[in-house]
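J.: First the structure, which I've put down as structure tokens, then a few questions once you've had a look.
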Amino acid sequence: MAENKPRKVVQKRLPREVYSALKNVVGERWIYEQRSVVETYSKLSIEASTFLRKHEKDPHLLPACVVLPNSTEEIQAIVKICNRYRVPFIPFTNGQVFCAPTNAQPTLIIHLSRMNKILRIDTENLSATLQPYVDYGQLQAEAMKRGLWNGGCPLATSLCKLASQYSFAGLWQTDLKYGLLNRNIVSVKMVLPDGEILVTGSRCIPKAGDFWEYGPGPDLLGLQRAAAGTSGIVTEITVKLHTWVGDASFPEIPAGRPSLVDVHEPKYDSPPAPLKNHKLYWIEFKDFQSQIRAMREIAHAGIAIGLNATGVYSAFYCSQTQEMTIQRCRTKFFPDWNCYVILANITSDQQIPYEERVLRQIVEETGGIFLSETHKPEVLDALKPWNYDCIRHTTGFRMNRKMYANAWLPVGPLDSAFETTEQWKKALDLFGECDITDRGGADDTPFVYALQRGHFCFFETDNYPDPVLPEEIKKAQAFGIYGNAVFVTHNLGPMLMAFLNVEPLTTMFPEVGPNAHLLMRKLREVFDPNSVCAPGRQVFTEEEWRQFPEDIKAAVNKMRAMHNLPAVV
Amino acid sequence: MTYYEKKPEKKFFEKELVDYRDMVWGCARCNWCQNQWGWNVKSAEFSEICPAFHEFRIFPYSGMGKMHIARALLEGDFDYDDAPEMLDFIYTCTTCGACEMNCQRLQDKEPLKVNETLRAQFVRDGFGPKPEHKRLITGVQHYDNPWMQPRSQRDRWARTVPIKDLGREPAQTLFFVGCTAAFNNTLWKMAQSTAMILHEAGIDLGMFGKQEICCGSPIARIGDRETFFTIARRNIDLIHTSGVRQIITFCPGCYRSLKYDYPEVPGLPKLKPAVYHAAEYIAQLIDEERITCHNTVPLKVTWHDPCHLGRHCGIYEAPRRILRAIPGIELIEMERIKDQAWCCGGGGGARAAYPDFARATALKRIAEAQKTGAQALVTQCPFCEQNLMDALAQVQNGMQLFDLNELVIRASQKTKK
């Protein structure tokens, strides 16, 4: 009788001549095709569909080979080989979000982990040039020593590589003042999908210097920005720096340090008071309307460097264990309606006192109450991790104790917060909850970022199914797709759709034009004539679209049909 | 095993890979297992924390990568024949615990325990360990020490030291020396200085001498649970028979084993005597003025936290208190300290099987120490000292290496008139 063994998942192999050519570029030490190596590069992170594909033992998730180049020239040579042999490749840093699923062809992973140097910090012209594996924490640590910083840190933590975030948008907690990362890029040097080198901005003019994002001719930086890694591989990125008024490094945490035997002791979660020349205020509101009104007033007043609302998410960020998190969600330990404001003495020592007066007036007018030693001091104390995290975010993925399967991530004017929250609640009623965290993240508050002086906002509500239960993951996935449909139907703002392997805005939003996706396809054909760069992500060729799962295709076309758009074929 | 399913109460050494199923599926690829806790990053150069990932740059060497390998093995996506290379990924780990430290703070996951459970499964299935590790196991099985040294040599370090042999006379306190310092004569000074300090402080100190047996730490870390269980049981019996009231050891491996690993072995009686690390015990003696550091030791030093002492067991402050108590000593901290300390590279069997990697890791620590401007690196772990000593011999940059108790002896010895 045959033994009932689980089915193995077998990787594809690159043709030997391709492997040899790649080995000649990076050397034997930096090329891998062993089974256990490629497993660790087969996308399995925070997105529902690849979890399901893992459960289904889909072999197409496994790349064929991993190479680790060490220079722009090596990347260029690798990409040219990929074009010559029509081998798809995927640029890879942390591998959390932007690592497209591999496809039926043997696929190459280009892991950039060896390119982790800060190439220069220009203290005169306020910029830093980085290799693609440099993260926010590294840059900030070096810049702070020079009285500078890069202006922000993503809530997805300071481990994000700036070159990867360039492929997204780069959402910061301090972008009230400094704007998104995409407003802070001076230039990129990248290897295009066909192996050519592109240098953007003033840097491309010999001897002009690296000071301005716009170069001669069309805005090529803009064209490449937020392309989710489909437009090539960034090998150098120059970002703007700003004045830093805190200390040269973060102070040691006085409460001591945990160890493996007492890591969950609450005593270890209290960092010190806010950093030098910075002050963090927490404000509670009686309802969502008051919160949003206050956020608008604060943003428009021109004060503060950061303004965001965490809602129930503080229970995730500031609790030592999952049990504590759930308990705090249930008991509504943290205020449902809140926001935090970061003030800084950038222009003078009097800046914080002045801005605090303005802030207090706005809070009074909107019926808010500051958390303080007399109002919920225990809550204020529990929120102390934010004293550091608002500047260099570390604890963010506490929210992600199970898996982070899907999110509704609309962007829009502040007023749209009400509509998006209503829709989320309806979705929960329709689908049923996966977990308490769904309900907590929606009914009580979505995360709200006031971006760029409150010109628009970013909202987030998330979904956390159990990673070992495919049925829960499917429900989470359906949630996400339903969310897209809802936003399209209600004409809510465009959203970031990193967590769905479906064609983005260009297919869905009628305002862009019925055939915008065809224009994007043409652009892709220009930059990527052989369709080798991260295929299966963002903009699809006809061939890739044909390979798409039928149910996803049907979902996309159903959404288009709602708006009387022709089906994508 | 699902995420919220009530898990059966199991001791660590009872657990199988399947007990971690929800954890290995749930890894979020956040990458904190490879990096300094964000609040601690002080420079780009020293921003990473996993020695193996830092050296090899590919994910299977990281905590995250091992979670993914464990998941695939557990689900039968591949097996040993398909991936013989994974033996190296799993055994290059120094078991420094940095990955688990950060992951637990963020996500309640335990990549080090997953890795150690993988090792145990490898050994059970005959896939592991590495040949170099098999020699250590054989040594413990046949000689009661991993270094295959004759038992008769075990107490040679003590010839010049006033200490009782518990085989001949009773004592209140057992000095558990450990195999590495007992057999490596370049490390005898660790054992000798510790014994001298405790003797001077009036501690009624005894040792097992030739009868001492390995604590089992290297065997536990390698994953041979069966041999470890036997060793643990023999040690507990020996200790209980001796009638000692407390145990002092300066070896963080022995300390962790006696204090935290033995209780995780199923079916073992509880070890009755209290277990202390020499640093915490001597710091207390200094506080009580039973040891007085009256001599000036003019030296700029930096303290290297041994992983199994600091991150594993939480002893960070005691050695620093001792250093601050010595007149003339100026303690300058490195960037990566305490729970975020960089490993020396010598633990978890890495030095035995991957000496080049172990040395490269030690060299990185020495470079970090040198940046502080310190003249000397001070630590208290035979594995760290051995590994750092080798690397210092290679780099020859003038940096000195001291065991903590060598400095205490210098500071507390009465000057001969």
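J.: Condition first: without any contact (Cβ under 8 Å) to a residue 40 or more places away in the chain and closer than 18 Å to B:Gly253 by Cα. Now tell me which residues in region B:173-191 satisfy that.
T.: B:Cys179, B:Ala182, B:Phe183, B:Trp188
J.: Kindly provide the set of residues from region B:349-374 that are among the polar types (S, T, N, Q) and outside any loop (DSSP other than H, G, I, E, B), ordered by number.
T.: B:Thr361, B:Gln370
J.: Looking at region B:17-42, which of its residues are assigned to a loop (DSSP other than H, G, I, E, B), more than 7 Å from chain A (Cβ to nearest Cβ) and either among the basic types (Lys, Arg) or more than 9 Å from B:Met64 (Cβ to Cβ) (or both)?
T.: First pass over region B:17-42, keeping only residues assigned to a loop (DSSP other than H, G, I, E, B): B:27-31, B:36-37, B:41-42.
Going one step further and asking which of them are more than 7 Å from chain A (Cβ to nearest Cβ), we end up with B:27, B:36.
Once the filter is applied, which keeps residues that are assigned to a loop (DSSP other than H, G, I, E, B), more than 7 Å from chain A (Cβ to nearest Cβ) and either among the basic types (Lys, Arg) or more than 9 Å from B:Met64 (Cβ to Cβ) (or both), region B:17-42 yields only B:Gln36.
J.: Let me ask another. Would a scan of region B:337-348 turn up a residue that is in a loop (DSSP other than H, G, I, E, B), in contact with a Ser or Thr (Cβ under 8 Å, 6 or more places away or on another chain), open to solvent by 10 Å² or more (accessible area, probe 1.4 Å) and under 22 Å from B:Leu198 (Cβ atoms)?
T.: No, the conditions are met nowhere in region B:337-348.
J.: Here's a follow-up. Can you tell me which residue is nearest to the other protein chains (Cβ to nearest Cβ) among those in region A:147-188 that are buried (at least 20 other Cβ atoms within 10 Å of the Cβ) and among the basic types (Lys, Arg)?
T.: Looking at the filtered set, the residue picked out is A:Lys161.
J.: Looking at (1) at pLDDT 85 or above; (2) surrounded by 21 or more Cβ atoms within 10 Å (Cβ to Cβ), which one does A:Arg257 not meet, given that it meets all the others?
T.: Only one criterion is unmet by A:Arg257, namely (1).
J.: Another one. From the list A:Ala104, A:Ala64, which one is more than 24 Å from the chain's Cα centre (by Cα), touching a residue at least 12 places away in the same chain (Cβ under 8 Å) and open to solvent by less than 10 Å² (accessible area, probe 1.4 Å)? Break it down stepwise before answering.
T.: Details: A:Ala104 fails: open to solvent by less than 10 Å² (accessible area, probe 1.4 Å).
Sole residue among the options that is more than 24 Å from the chain's Cα centre (by Cα), touching a residue at least 12 places away in the same chain (Cβ under 8 Å) and open to solvent by less than 10 Å² (accessible area, probe 1.4 Å): A:Ala64.
J.: Taking the conditions exactly as written (among the aliphatic types (A, V, I, L, M), surrounded by fewer than 22 Cβ atoms within 10 Å (Cβ to Cβ) and within 14 Å of chain B (Cβ to nearest Cβ)), does A:Leu52 satisfy them or not?
T.: Details: among the aliphatic types (A, V, I, L, M): yes; surrounded by fewer than 22 Cβ atoms within 10 Å (Cβ to Cβ): yes; within 14 Å of chain B (Cβ to nearest Cβ): yes.
Yes: the conditions hold for A:Leu52.
Residues checked against (1) among the aromatic types (Phe, Trp, Tyr); (2) surrounded by fewer than 24 Cβ atoms within 10 Å (Cβ to Cβ); (3) modelled with pLDDT of 95 or more:
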{"position": "B:Asn31", "(1), (2), (3)": "no, no, no"}
{"position": "B:Trp37", "(1), (2), (3)": "yes, yes, no"}
{"position": "B:Gly63", "(1), (2), (3)": "no, no, yes"}
{"position": "B:Lys66", "(1), (2), (3)": "no, no, yes"}
{"position": "B:Ala72", "(1), (2), (3)": "no, no, yes"}
{"position": "B:Asp82", "(1), (2), (3)": "no, yes, yes"}
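J.: Could you tell me which residue of region B:39-61 is least open to solvent (accessible area, probe 1.4 Å), considering only residues that are charged (D, E, K, R), more than 19 Å from A:Tyr32 (Cβ to Cβ) and more than 22 Å from the chain's Cα centre (by Cα)?
T.: Filtering region B:39-61 for residues charged (D, E, K, R) gives B:42, B:45, B:48, B:55, B:57.
When the remaining residues are screened for being more than 19 Å from A:Tyr32 (Cβ to Cβ), the result is B:42, B:45, B:48.
Subsequent filtering for residues that are more than 22 Å from the chain's Cα centre (by Cα) retains B:42, B:45.
Numbers: B:Lys42: 39, B:Glu45: 98 Å².
Restricting to residues being charged (D, E, K, R), more than 19 Å from A:Tyr32 (Cβ to Cβ) and more than 22 Å from the chain's Cα centre (by Cα), the top hit is B:Lys42.
J.: Exactly one condition in (1) open to solvent by less than 20 Å² (accessible area, probe 1.4 Å); (2) within 14 Å of another protein chain (Cβ to nearest Cβ) is false for A:Ile81; which is it?
T.: So the condition that A:Ile81 fails would be (2).
J.: Could I ask something else about it? If A:Thr374 passes every condition in (1) part of a helix (DSSP H, G or I); (2) modelled with pLDDT of 95 or more but one, which one does it miss?
T.: (1)
J.: Can I ask one more? Assess whether B:Gln172 counts as being surrounded by fewer than 19 Cβ atoms within 10 Å (Cβ to Cβ) and either over 23 Å from B:Leu404 (Cα atoms) or more than 18 Å from the chain's Cα centre (by Cα) (or both). Reasoning before the result, please.
T.: Details: surrounded by fewer than 19 Cβ atoms within 10 Å (Cβ to Cβ): yes; either over 23 Å from B:Leu404 (Cα atoms) or more than 18 Å from the chain's Cα centre (by Cα) (or both): yes.
Yes: the conditions hold for B:Gln172.
J.: Next question. Can you tell me how many residues within region B:53-74 are free of Cβ contacts under 8 Å to residues at least 12 places away in the same chain and not β-branched (Val, Ile, Thr)?
T.: At the first step, the residues of region B:53-74 found to be free of Cβ contacts under 8 Å to residues at least 12 places away in the same chain are B:57-59, B:72.
Then keep just the ones that are not β-branched (Val, Ile, Thr); that gives B:57, B:59, B:72.
Total meeting the criteria: 3.
J.: Can I ask one more? Which of (1) away from chain A (no Cβ under 14 Å); (2) within 18 Å of the chain's Cα centre (by Cα); (3) over 30 Å from B:Ile239 (Cα atoms) does B:Ala341 not meet, given it meets every other one?
T.: Answer for B:Ala341: the failing condition is (1).
J.: Look at region A:111-129 and say how many of its residues are more than 9 Å from chain B (Cβ to nearest Cβ) and open to solvent by less than 10 Å² (accessible area, probe 1.4 Å).
T.: Residues that pass the stated criteria total 5.
J.: Name the residue that is farthest from the other protein chains (Cβ to nearest Cβ), counting only residues in region A:9-29 that are open to solvent by 30 Å² or more (accessible area, probe 1.4 Å) and in contact (Cβ under 8 Å) with a residue 40 or more places away in the chain.
T.: It comes out as A:Glu17.
J.: If you go through region A:524-544, how many residues are of a type outside the set (A, V, I, L, M) and either crowded, with 19+ Cβ neighbours inside 10 Å or under 11 Å from A:Thr230 (Cα atoms) (or both)?
T.: Within region A:524-544, residues that are of a type outside the set (A, V, I, L, M) and either crowded, with 19+ Cβ neighbours inside 10 Å or under 11 Å from A:Thr230 (Cα atoms) (or both) number 10.
J.: In the set A:Ala417, A:Ala450, which member is modelled with pLDDT of 70 or more, part of a helix (DSSP H, G or I), aliphatic (A, V, I, L, M) and over 21 Å from A:Lys43 (Cα atoms)?
T.: A:Ala417
J.: For residues that are at the interface with chain B (Cβ under 8 Å from one of its Cβ atoms) and under 15 Å from the mean Cα position of the chain (by Cα), scanning just region A:397-414, find the one that is modelled with the lowest pLDDT. Spell out the reasoning first.
T.: Here is the first cut: in region A:397-414, the residues at the interface with chain B (Cβ under 8 Å from one of its Cβ atoms) are A:397-398, A:400-404.
Filter again for under 15 Å from the mean Cα position of the chain (by Cα), leaving A:397, A:400, A:404.
Working: A:Phe397: 61, A:Asn400: 54, A:Tyr404: 75.
Top of the filtered list is A:Asn400.
J.: Those residues that are assigned to a loop (DSSP other than H, G, I, E, B) and among the polar types (S, T, N, Q), I need them from region A:188-227; list them, please.
T.: So the first thing to find is which residues in region A:188-227 are assigned to a loop (DSSP other than H, G, I, E, B), and the list is A:192-196, A:200, A:205-219, A:225-227.
Of everything in region A:188-227, just one residue is assigned to a loop (DSSP other than H, G, I, E, B) and among the polar types (S, T, N, Q), namely A:Thr200.
J.: Among residues belonging to region A:307-333 that are touching a residue at least 40 places away in the same chain (Cβ under 8 Å) and more than 20 Å from A:Tyr404 (Cβ to Cβ), point out the one that is nearest to the other protein chains (Cβ to nearest Cβ).
T.: Within region A:307-333, the match that is nearest to the other protein chains (Cβ to nearest Cβ) is A:Arg330.
J.: Same structure again: Those residues that are open to solvent by less than 10 Å² (accessible area, probe 1.4 Å), more than 12 Å from every other protein chain (Cβ to nearest Cβ) and closer than 25 Å to B:Tyr260 by Cα, I need them from region B:319-335; list them, please.
T.: B:Pro319, B:Ile322
J.: Can I ask one more? Answer with yes or no whether B:Ser257 is within 14 Å of chain A (Cβ to nearest Cβ), crowded, with 24+ Cβ neighbours inside 10 Å and touching a helix residue (DSSP H, G or I) at 6+ places or on another chain (Cβ under 9 Å). Spell out the reasoning first.
T.: Numbers: within 14 Å of chain A (Cβ to nearest Cβ): yes; crowded, with 24+ Cβ neighbours inside 10 Å: yes; touching a helix residue (DSSP H, G or I) at 6+ places or on another chain (Cβ under 9 Å): yes.
It is true that B:Ser257 is within 14 Å of chain A (Cβ to nearest Cβ), crowded, with 24+ Cβ neighbours inside 10 Å and touching a helix residue (DSSP H, G or I) at 6+ places or on another chain (Cβ under 9 Å).
Conditions (1) touching a Lys or Arg at 6+ places or on another chain (Cβ under 7 Å); (2) farther than 20 Å from A:Pro467 by Cα, marked per residue:
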| residue | (1), (2) |
| --- | --- |
| A:Val38 | no, yes |
| A:Tyr41 | no, no |
| A:Leu44 | yes, no |
| A:Glu47 | no, no |
| A:Ala77 | no, yes |
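J.: B:Asp237 - would you say it is in contact with a strand residue (DSSP E or B) (Cβ under 7 Å, 6 or more places away or on another chain), outside the structural domain of B:Gly314 (by TED's automatic domain parsing), over 26 Å from B:Gly314 (Cβ atoms) and surrounded by fewer than 17 Cβ atoms within 10 Å (Cβ to Cβ)?
T.: When the stated conditions are applied, B:Asp237 does not pass them.
J.: Show me the helices (runs of 4 or more DSSP H) found entirely inside region B:55-126 where at least 3 residues are of a type in the set (Asp, Glu) and within 9 Å of chain A (Cβ to nearest Cβ).
T.: So the answer is none; nothing clears 3.
The values are calculated or read from the model by the stated rules, or taken from the named source; none is laboratory data. None of the values given here were measured: they were computed from a predicted structure. Every residue, glycine among them, receives a Cβ derived from its backbone with ideal geometry; neighbour counts consider all protein chains shown. With ligands, DNA and RNA removed, areas are computed over all heavy atoms of the protein, side chains included. Shrake-Rupley method; radii C 1.70, N 1.55, O 1.52, S 1.80 Å.
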